[in-house]
Number of protein chains: 2
Amino acid sequence: MAKTTTPPGADTASPSATALPAARRVTSYDVALLAGVSQSAVSRCFKPGASVSKATYARVMKAAASLDYIPNAAARSLITRRSNMVAVLISNTSNLHYPEVLSALSQQIARHGKRVLLFSLAQEADVAHALADVWQYQVDGAISVASLSDEHIVEFRRRGVPLVLLNRRAPGQVAHTVSCDQVQAARTLVSRLAAAGHRQFALIEGPTDSCTAQERRRGAWQRLTELGLPAPLVVTGQYDYASGGTGLREIIRQLGRVPDAVICASDVMAIGCLDCARHELALDVPGQLSVAGFDAVEPSNWLSYNLTTLRQPMQQMAAAAADLLVAQIDGRETEARGRLFSAQFIEGATARLAPLQPDMLAA
Amino acid sequence: MAKTTTPPGADTASPSATALPAARRVTSYDVALLAGVSQSAVSRCFKPGASVSKATYARVMKAAASLDYIPNAAARSLITRRSNMVAVLISNTSNLHYPEVLSALSQQIARHGKRVLLFSLAQEADVAHALADVWQYQVDGAISVASLSDEHIVEFRRRGVPLVLLNRRAPGQVAHTVSCDQVQAARTLVSRLAAAGHRQFALIEGPTDSCTAQERRRGAWQRLTELGLPAPLVVTGQYDYASGGTGLREIIRQLGRVPDAVICASDVMAIGCLDCARHELALDVPGQLSVAGFDAVEPSNWLSYNLTTLRQPMQQMAAAAADLLVAQIDGRETEARGRLFSAQFIEGATARLAPLQPDMLAA
DNA sequence: TTGTATGCGTTATCAA
DNA sequence: TTGATAACGCATACAA
């Protein structure tokens, strides 16, 4: 390895570790000087499809290596108007879903040679702050896994920053969107439960401002109505574990009895509901009560739960979002487009299900 | 105020959906022109502690607002040598731990007016690629929640990029570190289990290259030896759910019987172990077998598990890491420092525990 | 307090 | 293929 001057105390004894006093950065001029070429020649050597002779390329690369030269992305982006950064806006409320989404997005964005500038939104109020920074940092585009208001979406367009919404809708706006068909997913779930004889349904929803929750609700209602079943009892939760238990209690209180099936707008709530039913209310699930969730987060697959749920093809959705965004950035895609994925039904063992009938697929 | 040329469609009325063809960006010159001041005056207005008169400040801000002007961070960082970006390196293997760590880091870094450039490492091989980008993007510093080789750590110092390791050690290097005392945590756990009468221990470890796993192992061994207990049986897992079950089976196979206690190097493995014990082997936990984990991830707290585990004060650790990094960036902290936090013991209900004795604290 | 002039490190244009 | 030169958008030293 490079023996610089004095190998700074490698033993914990003497952390001399004096930070090098802002050593002047190595620039393309330094490399040019050492290689005996012009600065623009150096620049060209670091641009993929440039026109450089083998000889100069070799000389430049050798000099660059010996000086530890790395092009400065800030300077580059100033002139190319490309930062190779993509903003990812994500709200913490996604919770257990968060790592899967984020690492998938990060990977897919990296495939296109770009990196993720992360905006992790703890509260709704953070959106304004985050966006102010998004504009400053000159990102090439943004992917939002958080709810944005119409005004915010308009601002993206006005500022010419490509935007893709992942699992969110733009209420009054045309926007590029990648999502999973929640309506269809909820319809499928209801169909399969109804076919197995469930009649009294209850729903534990997410916060009403979440469009994912709204669509799941709409799909369930639609299908229940079509099947002539009684209207479901609806309570609202916060997508968290505790909401599952309190939701179930509330349902039983309002209904005066245990419903046939509880559909929860997230797996975590479904698990909370399940634990409450089994451990606190001593109910047999799925004997006395069927419980289903959405998202197929990792714990839903654990032996203690084996939850009936619907999986979103997140890796594919992330790839689609990244592709769609890059297409916009490259100007290949101008008109707003939406890509809709289908959820995969996971039978699990927390709901009584009838064997699959052909008409359910058509449902 | 004089509407000079044509303010680019500032009204939401006509979104005409056609992406504006790379409209020339609004710069500080445009603002200066409209406000009737010099460009440097505009610049000063956007610098916190600058010397500007009330009057010009107002004029400039008005002009800026009407033009939708936002300073260009790339240009700024070129001259200030501050990008206000912090690289966060994190490996996906942290899995359930990942969201907590990442959102805590993101928040804490944001407190210092900086943003997170995310490098989510799916494989060990990604490190080199990630680092190459870290150098390019001119980040102010980096926080690594992934294992870095000595060579990599040296490179940070050589390039003058401040680095803080979170829950990782630098084997042969002096480095700024924030971590949780895994040795002490493991010792405490063994002490409490031993005091309750457990004699035959087994460990399900993480990958041997993980230093966190190593420390947990060392602490457990130390304390077992001190207490004169038999050496534990050790098997290795991958930190995932499946490893818990296969680990337990392997332990029972090698031991010829069920051990008194299984200590797992992560909660997810502990949960896998627990589920296997209860649902597949029909063992009574903690009656016949005690199971404990590390990390206190959210599911460990669910009713089905109520796991005996140790919580790392992650929010505080993230804050410490951010503080330490920023101190380095600002040149306030030059000598390598390590901050060590203590884990909090969560009693849970998957292990038989004796009441807390004073000497355990000293252990 | 304000304006002028210069430089940050790169890419892009154009002539050689 | 190569080199001189002009941007890119901002911050800062210095003079006014």
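Could we say that residue A:116 is closer than 20 Å to residue B:118 by Cβ, outside any helix (DSSP H, G or I), facing chain B (nearest Cβ under 8 Å) and away from DNA strand D (no atom under 12 Å from the Cβ) here? Here the answer is yes, as residue A:116 does meet what is asked. Please determine, by comparing only the residues of the range A:53-78 that are among the aliphatic types (A, V, I, L, M) and farther than 26 Å from residue B:134 by Cβ, which one is surrounded by the most Cβ atoms within 10 Å (Cβ to Cβ). The qualifying residue surrounded by the most Cβ atoms within 10 Å (Cβ to Cβ) is A:58.
Taking the conditions (1) in contact (Cβ under 8 Å) with a residue 60 or more places away in the chain; (2) over 23 Å from residue A:292 (Cβ atoms); (3) among the charged types (D, E, K, R) in turn, residue A:157 satisfies each one other than (1). Criterion applied to A:288, A:328 was being under 20 Å from the mean Cα position of the chain (by Cα) and of a type outside the set (Asp, Glu), and the one residue passing it is A:328. The C-beta contact set for the range A:35-58 (first residue at positive phi and modelled with pLDDT of 95 or more, second residue assigned to a helix (DSSP H, G or I) and surrounded by 16 or more Cβ atoms within 10 Å (Cβ to Cβ), distance under 9 angstrom, 6+ apart or interchain) comprises A:36/A:59; A:36/A:63.
Considering only residues in the range A:120-135 that are under 19 Å from the mean Cα position of the chain (by Cα) and at the interface with another protein chain (Cβ under 7 Å from one of its Cβ atoms), the one that is modelled with the highest pLDDT turns out to be A:120.
Test residue B:74 against the stated conditions and say whether it is within 16 Å of DNA strand C (Cβ to nearest atom), at pLDDT 95 or above and more than 28 Å from residue A:298 (Cβ to Cβ). Yes: the conditions hold for residue B:74. Residue-level analysis places residue B:122 outside the set of residues that are away from DNA strand D (no atom under 14 Å from the Cβ), aliphatic (A, V, I, L, M) and not assigned by the TED database to the domain that holds residue B:162. Of all residues in the range B:57-79, those being within 10 Å of residue B:31 (Cα to Cα) and not aliphatic (A, V, I, L, M) number 5. Within the range A:203-218, at least one residue is acidic (Asp, Glu) and outside any helix (DSSP H, G or I). Residues that are over 9 Å from the mean Cα position of the chain (by Cα) and at pLDDT below 95 within the range B:83-93 comprise B:91, B:92, B:93, listed in sequence order.
Residue B:139 satisfies every condition listed in (1) over 16 Å from the mean Cα position of the chain (by Cα); (2) closer than 23 Å to residue B:215 by Cα except (2). Summed over the range B:150-202, residues that are away from chain A (no Cβ under 14 Å), in a helix (DSSP H, G or I) and among the basic types (Lys, Arg) total 2. Those helices (runs of 4 or more DSSP H) of the range B:31-96 in which 3 or more residues are within 9 Å of DNA strand D (Cβ to nearest atom) occupy B:39-45, B:73-80.
Only one entry in B:138, B:107 is modelled with pLDDT of 95 or more, at the interface with another protein chain (Cβ under 9 Å from one of its Cβ atoms) and surrounded by 18 or more Cβ atoms within 10 Å (Cβ to Cβ), namely B:138.
Residues that are part of a helix (DSSP H, G or I), within 12 Å of chain B (Cβ to nearest Cβ) and among the charged types (D, E, K, R) were ranked within the range A:236-293; the one that is farthest from residue A:186 (Cα to Cα) is A:280. When the range A:302-322 is filtered for residues that are without any contact (Cβ under 8 Å) to a residue 40 or more places away in the chain and not in a loop (DSSP other than H, G, I, E, B), the ones remaining, listed by number, are A:311, A:316.
Here's the yes/no breakdown for (1) small (Gly, Ala, Ser); (2) surrounded by fewer than 19 Cβ atoms within 10 Å (Cβ to Cβ); (3) at pLDDT below 95:
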position: A:272; (1), (2), (3): yes, no, no
position: A:287; (1), (2), (3): yes, yes, no
position: A:293; (1), (2), (3): yes, no, no
position: A:298; (1), (2), (3): no, yes, yes
position: A:307; (1), (2), (3): no, no, no
position: A:320; (1), (2), (3): yes, no, no
position: A:325; (1), (2), (3): no, no, no
position: A:349; (1), (2), (3): yes, yes, no
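For the criterion of being modelled with pLDDT under 95 and within 16 Å of DNA strand C (Cβ to nearest atom), residue A:99 fails.
The values are calculated or read from the model by the stated rules, or taken from the named source; none is laboratory data. This structure is a prediction, so every number in the text was calculated from the model and none was measured. Neighbour counts are summed over all protein chains in view; Cβ atoms, including those assigned to glycine, are modelled from backbone coordinates with ideal geometry.
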